[in-house]
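To keep things clear, I will list the structure first and then write my remarks on it.
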Amino acid sequence: MVRHGIKDKVAIIGCESTKYGELWDKSQKDLLFESATGACEDAGITKDEIDAFWLGVYYYFTGLSGTLLEDTLRVHGKPVTRTENYCASGMDAFRNACSAVASGAYDVAMACGVEKILDEGGSGLPGFKIFGHPVLPLPSAPAQFCFLATRCFHEFGWTREDLARVAVKNHENGYYHPKSHFKFKVSLEQALAAPMIADPLGRYDCCAVSDGSAALILTTPELAESYAHADDYVLVKANSISVFTDTPWYWPSFEFTSAPATVTAAKMAYKEAEITDPRKQIDLAEVHDCFTITELVNCQDLQFCDRGKAPEEVKKGTFNWDGETAVNPSGGLKSFGHPIGSTGCRMIQEVTKQLQGRAEGRQVPNAKIGLAHNLGGAFAVCSVTVLSQRD
Amino acid sequence: MTIGITSYGAYLPRYLLPRKLVSDAWDFPQVPGTKAFASADEDSLTMAVEAGLDCLAGIDPKSIDGLFFASTTQVYTEKESAAFIAVILDLRDDIITIDFTDSLRAGTTAVCRAVDSIKANKDIKRILVISSDTRKPEPSTFWEFGFADGASALLISDEETVPLSIEDYYSISANVTGPWKRMDKDKFIRTFEVKMDAKFYTESLVNVMSELMKRNNLTPEDIGGAAYSYSDPRAFGKIAKILKFPQGAAQNGMFLQVGDLGTAMPFMLLIAALRRPKPDAKIILAGYGDGADAILLQVQDKKALRDLGKTRMGVLKHQKSMITIKNYNKWIDDKKLLEKDRYIRKSSAVTLWRETPSVYQMKGIKCKNCGAVQYPMMFHSCYECRADNQFEIVKLALKGTIYTYTLDHLVGGNYYDTPVPRCVIDLDGGGRVLVNMSEIEKPEENVEIGMRVELTFRKQHEGGEFHNYYWKCRPERGRP
Amino acid sequence: MVKKGIADRVAIIGCDMTKYGELWDKNQYDLLNEACNLAFDDAGVKKDDIDASWLGVFYYFTGLSGALLEDVLRMDGKPVTRTENYCASGMDAFRNASFAVASGAYDVVLACGVEKLMDEGSSGLPGFKIFGHPVLPIPSAPAMFSMAATKAFHEWGWTKEDLARVAVKNHENGAHHPKAHFRRAISIDDAMKAPMIADPLGRFDCCAMSDGAAALVLTRVEDAPSYAHNDDYIVVKANAISCYTNTPWYWPSFDFTHFPATVKAGESAYKEAGITNPREQIDLAEVHDCFTITELINDQDLRFCERGKAPEELKNGTFNWDGETAVNPSGGLKSFGHPIGSTGCRMLTEVAKQLQGRAEGRQVPDAKIGLAHNLGGAFCTCSVSILAKNDVKI
C-alpha cells in the first residue's frame, strides 16, 4: 500500500482559521479570504507566491470546482483543485497538496477548506431532500451514528452517561478557545437531560451546524527555512485516506462497533510515520467527534485504548487536554461545529499551533507529535494525518 | 379439469377506530363496534400486495397467468396498477393484467371474467384476482361509521381437482341513482338519497341470487353460506330474510369489528365463511354496485380448505394483531383528511425501474465464492471476500431480526417530534437491509435489538410527482 | 508557476472506456465497474495491485466522496479521492493521481471518472433547479457559450456556417468510433437548419446528454515496462489546471472571445512539457467541444492558430483527423456526449491509444505527442494534459 510515503518531505509553514459559528453575515468567500490571507501572513508570503491550491468543499451549494477560491483570492489562472470526500474533504485537500509538493511539481502550495452550511438553515445537515436513492432509506447523520451507539450499548454495556462525559470534556476545552462556536461548559446532568435527536443521541451528543474556514501553506523542508516559521515549521509525517462502503447497513458482517475506515487509515498512517505505540507516542489528537459516540469508537480504532474501554479512559482523564493522550484539546467538533469542508484543515491548523507551542486554547504540555482525524459519510471515509515538530 | 378457487389471501390493516370516537367527535348517536383503517403509508396498491403475498404463499409466482386488480380507489387514473402489482409479486411478463374499477362489485366481476378468460384461452390456467379499497368518507357523515380499508385475494385456477369449484355465475347491470364520485371534482363519495341506495342494493342482490339458485335448481336450504357485500347491516339482514337463507348462512360477522371494506368485502366474507367449511356445501359469493354478480361455489375438498386456512394469514391472524386507537385525530391524520405538508423531495423514475429486482422484488445476490448473501443487487464485488462478479440472484425472505436501529428525528432535512425508526435487519436466510419501521407504538420502549419484524410494502413519498413505493418493516403480525 | 513539474516521471500503463450513450439500464456502479476492469485488463493488473485511486465526478447525484468507487470495486479500504472541478473533474483526478505517483507515495494508481446524467432525465444539464444564487441569473450551459459566439461573430465576422463545420467534422470522425454515442455523419445543411437552443447555437452546435465512464492506470516510468504494454507505455509530459472567475459576466475587462483559463493552462502545460510550437509539435488534440464555438476558440487559445483564424483553418482541413493538428479525431463531445466527470479520462484514454497506434476510430497517422483539454463552468476551469510516446524527446 504506502510504499514510500511522503514522510518528512513536506513542511507546514503557515496556517490560520476563522472563528467558527453561526456566521450569518459572512459568505463563503469572506471566510475563505480570511483564512487564506491569514495563513499567508502567518507564513510571511503573499498570495502570488503560491503555485497551486487545493480546496476542500463538501456541499454543492457552498461552491463548485476550484473557482470558488479563484473568485475569492483572484489567483488569476493558477491551478485550484476541489476535493470532496465527505467529512474528509479538507484533509484530503491537504493530502493531495502534500503529494504535489513532494513530487516537486510545485514549490509552495495551499490547502484550505470552507463550508457555508447555515445558508441552508440551521436544523441539521441539509441535502437529504435531494441526496440518495429514490426509496432506499438514507438515515440522517445522527441516525447513522446511532446504529453504532445502539450496538455498543448492547455489546460493551456503554451508557448514555459514557457518551455525555465526552460532551462535558470537549465543551470544557472549547470554553478556552477564542475561535470556538460554543463557549459554555456543560454538566453531565444537562447533557443527559437534553432532547433526543436520534435515540440514544441527544442534543449535546451531536455537534452543531456552523460555518467556518481554515487554510495551510506547504512547501518542502529545504525551502521552509526561508519563511517566517523557519525555526519551528511543522513536518508532515503521514497522510492517509481509507474508503469503505457508503452503505454499511448492507454489509452482512459489519458489526457497527468500529469503523474499518479509521482502523485502516490509522494503520497506514502509523506505518508511514513509523509510530509503533500510538497511545504513548501521540501527544495530542484532534479526533472527529461529530457525535460523542464517534469520539469513543475512534479512540479505540486509533489504538489509543482497547476495544470497549474508551469510556473508562475518558473517566480516568487519559484523554483530557493534560492527560496521556490529549483528545480534542481544542474542544473538537462539539465546540466548533462542523462546516464540513473546512474541519480537516482546522484540525491540522490546530495541531500545528499546538506543536509550535502557540495553541489558542488549552496548550497541551510538551506536544511533539500530533494527529488529526476525520470520519465521514456512513463511517465510509477516514483521513488521518500525523505531524511533528521539525526535529 | 375443474375451474375453481385454489387459494385465498387477505390483508387487514393494524388499526381499528372505535365508532364511539366518531360519535363523540360529531355528537352523533352512539354506534357500536370498530372499523379497520389503513396507516398513512398504505393505499389500495400496498394492501393489494399484502393480500397477494398471502394468497401466493408457497405457490410459484411464475405459474400465474394473469392478475386482475379490483378497486374503486385506484392510485392512478392512467397507469395500470395490475401491471405494477404483478412486477412486485414477481409474476412473468407474458400474462394478462387488467384493472377493474368504478364499481364496488369490481371484485366479483373480476372473478367472472377470470373464469371466462380461463375457459376461452388454453394458455391461461391461473388468474390471481385481488380486490382492495381505501375509501375516504366525508367527516361528519354517517359513512364515517362504515367505510373501512382492506384487501382480499382469490386464486382462480383450472386444475384436476380444486378445493372450491365455481359452478355458475349470473350478473345484471343497473344504472342507479347513487352513490358516485366524480373524477377531478369530488374528494368524497356522494349520493342522492340513501334510501334509494338501499332499495337498489336489496333488489339487485335478491334478483341475482334468486336467479342463480333457480338456474341451478337450488332451494334456500341448500345454501351453506352466502357472502355478499354490505354497508348497512339492516339491509343485509333484510336480503337474507327475503331469500329465506338458513340461519347462519349469510355472513354478517365482520361489520361489527372491521366495517365496510368496499370492493374487498365479498372476498373477505367468503374467506371468513371458509373457516369452518361444511363438506359439499354450496356457497354464494355476490357483489353489488351498479348491478350485481352472483357466483355459485361448491366445497369439494374440506381438508384442502382447512390446510389453506393454516398456511395463510387470512382474516383471523390479521384480526389477532389489530389494535384499537384512542385518538380520533390519528384517523383524520392518517387518512390525510386534513392536508398536511410533508417534506417534498426529488426522485428518479428510471432508477426505480432499473432496480426493480432489488427495490420491488426484494431480490439480492449471493456470492458464489464465499456464500454471503447481499443486498441490493447493484454491487459487483462481494462485501465479504471482495471477489468480482461471481453472483447469483436470490430471493430474500420478507422477515428477519433487528441487528441495530435508530429513532431519527431529522427526516428529509427537517426536525420532527415524532422520530422515524430506521432498522438494520438481518433477513432470515441471509441478506441485510435497512428499512424504516411503520406501525410501532412508543418506539423508545418497544424497538430493540433482536426484535422480529416483517417487511411490508408501503408508500414512501411523492418525490418527482409520482407515488414512490418501497418496503418498510413492522412488528411481526404472523406472516407465514 | 510550475517550477519543475512532473514531466517524464509518470506513465500510463493501461486505459479504457465504456461505450457512451443513453445507457438507461446501467447505473454508475455498472459503468465504473466496466471501465476500471477494462483498464486493469489493459494494464495487466488486478484491482488489488492498485495502491490508491482518484475519481472524477461532478454531480452529487452521481455519487459523493470516494466511497462510490469503493462500493464498485471493493478495494479493502484503500484511499480514494473524489475531485470535482466542473468539466475538468476527470482530468484533475488524473493530475492528482500523477502527483501522488511522482511523489513516491504510491506505486500503482487508478484515475477514473463517471457520470450518470440520464438519471435526471434528458433535457439539458440538470442541477439548475438547485445550483446558484437565489436571484442572480445563472445562464444555461449553451447560453453561456452563446455569449462568446455572439461576440466572435461581431468581432471577426464568424458565421453559423463556421460553427456548423465543426459539427460536421466531429460527427464524421465519431461515425468511425465504435464507442461513440452518435455514429452518423451530418451535413452543413442539417446543422444550419436545426432548432435553436441558445441563439446562435442550434441543436447540432451543442453536445448531447449521455452516460459513460473511463479509467487509466498509472505508475512511475521506471516501473512501466514490466506491465502489459511493456515498452509501449505512454509518458505524461504535463498536467495543468487553471481557474478563473465563475462569473465572467461580472469581469469588466473580459472580452468573451478568448478563454483565459485555456490560455493559462495551455501555457503552463507547454512550459512543463517543453513545447514551443504547439501547432507543429502537437499531432492530435482532444479539445473540449461542448459547443462548436468552444472548439474554435480553444483552438486559438491553445495556439493551434492565430486569433480569429480558426474557422479558416478548419475549412482548410488543418484540424481534420489527418490534418496538421488533428482536433477531436475521436469525434469529441459532439459524438460522445458529455458525462461530465468521465470526459477528461475518456480524452486521455483516447490520446493514449492514438499514440500507441491502436485508436478505435480514426487513427491519426504518425501520432507522437497528444494533448487533452477540458473547459468547464462559465469557461472558468481548464485542464490541459500532454502525453507522448516514451521515446519522444521534446
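The numbers here are math on the coordinates, done by the rules we state, and not lab data. Computed from a predicted model, the values in this text were never measured in an experiment. All Cβ positions, glycine included, derive from the backbone under ideal geometry; neighbour counts span all protein chains shown.
Mean per-residue shielding of peptide B:370-376 is 2, counting Cβ atoms of other chains within 10 Å of each Cβ.
The calculated FRET efficiency for the pair A:K183 and A:S27, based on their C-beta separation and a Förster distance of 22 Å, comes to about 0.40. For the options C:G56, C:G331, C:G127, a Gaussian network treatment of chain C with springs between C-alpha atoms closer than 10 Å singles out C:G127 as fluctuating the most. Here the simple spin-label model places points 7 Å from the Cα toward Cβ, and for B:A349 and C:R184 these points are separated by 2.5 nm.
The mean of 1/r over all pairs of different alpha-carbon atoms in the range C:189-331, once inverted, gives a Kirkwood hydrodynamic radius of 17.7 Å. Checked against a 26 Å cut-off, the cross-linked pairs B:K346/B:K459; A:K237/C:K4; A:K169/A:K280; A:K237/C:K389; B:K399/B:K459 give Cα-Cα distances beyond that limit for A:K237/C:K389.
In this structure the amide hydrogen of B:V411, modeled in the peptide plane, comes within under 5 Å of the amide hydrogens of B:Y416, none closer than 5 places in sequence on its chain. Backbone phi angles across the range C:215-232, fed through the Karplus curve with coefficients 6.51, -1.76 and 1.60 (θ = phi - 60°), yield HN-Hα couplings of 8, 9, 10, 10, 8, 6, 4, 4, 8, 4, x, 7, 10, 3, 8, 6, 7, 9 Hz in residue order; Gly and Pro are listed as x. Here the contact order of chain A, divided by its residue count and restricted to Cα pairs under 8 Å and six or more residues apart, works out to 27 percent. Springs join every pair of Cα atoms under 10 Å in this Gaussian network model of chain C, and among C:A152, C:A261, C:A269 the largest mean-square fluctuation is at C:A152. Here the Karplus relation 6.51 cos²θ - 1.76 cosθ + 1.60, evaluated at θ = phi - 60°, turns the backbone of the range A:66-82 into coupling constants of x, 5, 4, 5, 4, 5, 8, 9, 6, 8, 5, x, 6, x, 9, 10, 9 Hz, with x for every Gly and Pro. Going by neighbour counts of Cβ atoms within 10 Å, the residues C:T262, C:T219 line up, fewest first, as C:T219, C:T262. Not counting the cut sites, what is the longest span of chain A without GluC sites (Glu not before Pro) that DSSP labels loop and that have at most 15 other Cβ atoms within 10 Å? In chain A, the maximal stretch lacking such sites is A:23-224.
Relative to the longest principal axis of the Cα atoms of chain A, the long axis of helix A:28-43 makes an angle of roughly 60 degrees.
What longest range of chain A stays clear of loop-exposed trypsin sites (Lys or Arg not before Pro) (DSSP non-H/G/I/E/B, at most 15 other C-beta within 10 angstrom)? Don't jump to the answer; show the numbers that get you there.
Details: sites that count: A:R3, A:R74, A:K183, A:K185, A:R307, A:R358, A:K368.
It works out to A:186-306.
With the biggest extent put first, the Cα atoms of the range B:238-319 measure 35, 28, 23 Å across the principal axes. For the range B:399-441, the relative contact order is 36 percent, taking Cα pairs closer than 8 Å that sit 6 or more residues apart in sequence and dividing their mean separation by the residue count. Kirkwood analysis of the range B:122-235, using all unique Cα-Cα pairs, places the hydrodynamic radius at 17.5 Å.
For A:V57, the residues whose modelled amide H falls within less than 5 Å of its own, excluding neighbours fewer than 5 places apart on the same chain, are A:T83.
For the range B:158-216, GluC sites (Glu not before Pro) meeting the loop criterion (DSSP other than H, G, I, E, B) and having at most 12 other Cβ atoms within 10 Å: B:E160, B:E193. For chain C, complete DSSP H runs whose alpha carbons reach 15 Å or more along their own long axis and whose mean Kyte-Doolittle score is -1.0 or higher are C:28-43, C:89-102, C:141-156, C:260-273, C:340-355. Residues whose amide H comes within less than 5 Å of that of B:A226, counting only those at least five positions distant or on another chain, are B:A250, B:Q251, B:I284 (H built at 1.01 Å from N in the peptide plane).
Computed about the Cα centre, the dipole magnitude for the protein assembly as shown is approximately 3180 debye when only Lys and Arg (+1) and Asp and Glu (-1) carry charge, each at its Cβ. In the structure shown, the pairs A:K267/A:K315; B:K199/B:K303; C:K78/C:K179; B:K317/B:K442; A:K334/A:K368; A:K9/A:K47 are assessed against 29 Å; a Cα-Cα span above that value is assigned to B:K199/B:K303; C:K78/C:K179.
Over every Cα atom in the protein assembly as shown, the radius of gyration and the widest Cα-Cα span, Dmax, amount to 34.5, 112 Å. Relative to the dominant Cα principal axis of chain B, helix B:106-120 is inclined by about 90°. Between C:D322 and B:K244, the simple label model (points 7 Å from Cα in the Cβ direction) yields a spacing of 10.1 nm. Loop-resident trypsin sites (Lys or Arg not before Pro) (DSSP state other than H, G, I, E or B) in the range C:170-213 with no more than 16 further Cβ atoms inside 10 Å of their Cβ: C:R183, C:R184.
Label zone (B:R275, point 7 Å along Cα-to-C-beta; backbone nitrogen cut-off 18 Å) within the range B:318-334: B:318-324.
Averaging over all projection directions, the Cα-based convex hull of chain A occupies 17.4 nm² in the image plane.
Taken over chain B, the alpha-carbon convex hull comes to 156 cubic angstrom per residue. Under the simplified labelling scheme, the C:Y250-C:R203 pair shows an inter-label distance of 3.7 nm, with each label point 7 Å from Cα along Cα→Cβ.
Using alpha carbons only, the radius of gyration of the range A:1-88 set against its Kirkwood radius gives Rg/Rh = 0.99. How much of the pair distance distribution for the range A:269-312 lies past 18 Å, counting alpha-carbon pairs only, in percent? So the portion of pairs separated by more than 18 Å is 27 percent.
Quick one: Debye curve from the alpha-carbon atoms of the range B:184-312 only, equal weights, vacuum; give me log10 I(q)/I(0) at q = 0.16, 0.18, 0.23 Å⁻¹ to two decimals. At q = 0.16, 0.18, 0.23 Å⁻¹ the computed log10 ratios are -0.80, -0.98, -1.48.
Give me the number: length gained by fully extending B:E465 to B:D94, i.e. 0.36 nm times residue separation minus the C-alpha to C-alpha distance, one decimal in nm.
130.6 nm
Relative contact order, whole percent, for the range A:262-391 stands at 31, derived from Cα pairs under 8 Å and 6 or more residues apart.
Could you list B:M213, B:M47 so that the one with the fewest beta carbons within 10 Å of its beta carbon is first and the one with the most is last?
Ascending Cβ contact count within 10 Å gives the list B:M213, B:M47.
Here the residues A:V166, B:V299, B:V453, C:V114, ranked from fewest to most Cβ neighbours within 10 Å of their Cβ, fall in the order B:V299, B:V453, A:V166, C:V114.
By DSSP, the beta bridges lying fully in the range B:208-354 are antiparallel in about 55 percent of cases. Exposed loop sites here are chymotrypsin sites (Phe, Trp or Tyr not before Pro) assigned a DSSP state other than H, G, I, E or B and surrounded by at most 11 other beta carbons within 10 Å; excluding them, the longest clear run of chain A is A:185-391. Between C:F254, C:F379, C:F94, the GNM of chain C built on Cα springs shorter than 10 angstrom shows C:F254 fluctuating the most. Working note: Debye formula, equal point scatterers on the alpha-carbon atoms of the range B:42-156, no solvent; log10 I(q)/I(0) at q = 0.12, 0.14, 0.21, 0.23 Å⁻¹ is -0.40, -0.54, -1.11, -1.30. D by Stokes-Einstein for the range B:18-103, Kirkwood Rh over Cα pairs, 10 °C, 1.306 mPa s: 105 µm²/s. Shielding of peptide A:105-111 by partners, expressed as the average count of other chain Cβ atoms within 10 Å per residue Cβ, is 4.
Dipole size of the range C:71-213 about its Cα centre, with +1 on Lys/Arg Cβ and -1 on Asp/Glu Cβ: approximately 120 debye, rounded to the nearest 20.
For chain A, the longest principal axis of the alpha carbon atoms and the long axis of helix A:340-355 meet at an angle near 70°.
Of all DSSP-defined beta bridges confined to chain C, some 75% are antiparallel rather than parallel. With N as its number of residues, the range C:332-380 has a Cα radius of gyration that, divided by 2.2 N^0.38 Å, comes to 1.23.
Between B:L256 and B:A235, what length comes free when the chain is fully extended (0.36 nm per residue of separation minus the Cα-Cα distance, one decimal in nm)?
Taking 0.36 nm per residue and subtracting the Cα distance, the gain is 6.1 nm.
Note on B:W180/B:T356: beta-carbon distance plugged into 1/(1 + (r/R0)^6) with R0 of 22 Å gives a FRET efficiency of 0.05. FRET efficiency for the pair C:R358 and B:F188, taken as 1/(1 + (r/R0)^6) with r the Cβ-Cβ distance and R0 = 56 Å, rounds to 0.20.
Under Stokes-Einstein, with the Kirkwood radius over Cα pairs standing in for Rh, what whole-number D in µm²/s applies to chain C at 37 °C and 0.692 mPa s? Answer from the Stokes-Einstein relation: 161 µm²/s. Expressed to the nearest 5 percent, the antiparallel share of DSSP beta bridges inside chain B is 80 percent.
Where in the range A:133-159 is the amide nitrogen less than 12 Å from a point lying 7 Å along the Cα-to-Cβ axis of A:K315? It comes to A:157-159, nothing else. Which residues does the label zone of A:D8 cover in the range A:247-277, counting backbone N under 12 Å from a point 7 Å along Cα→Cβ? Only A:273-274 fall inside the zone, counting backbone N under 12 Å.
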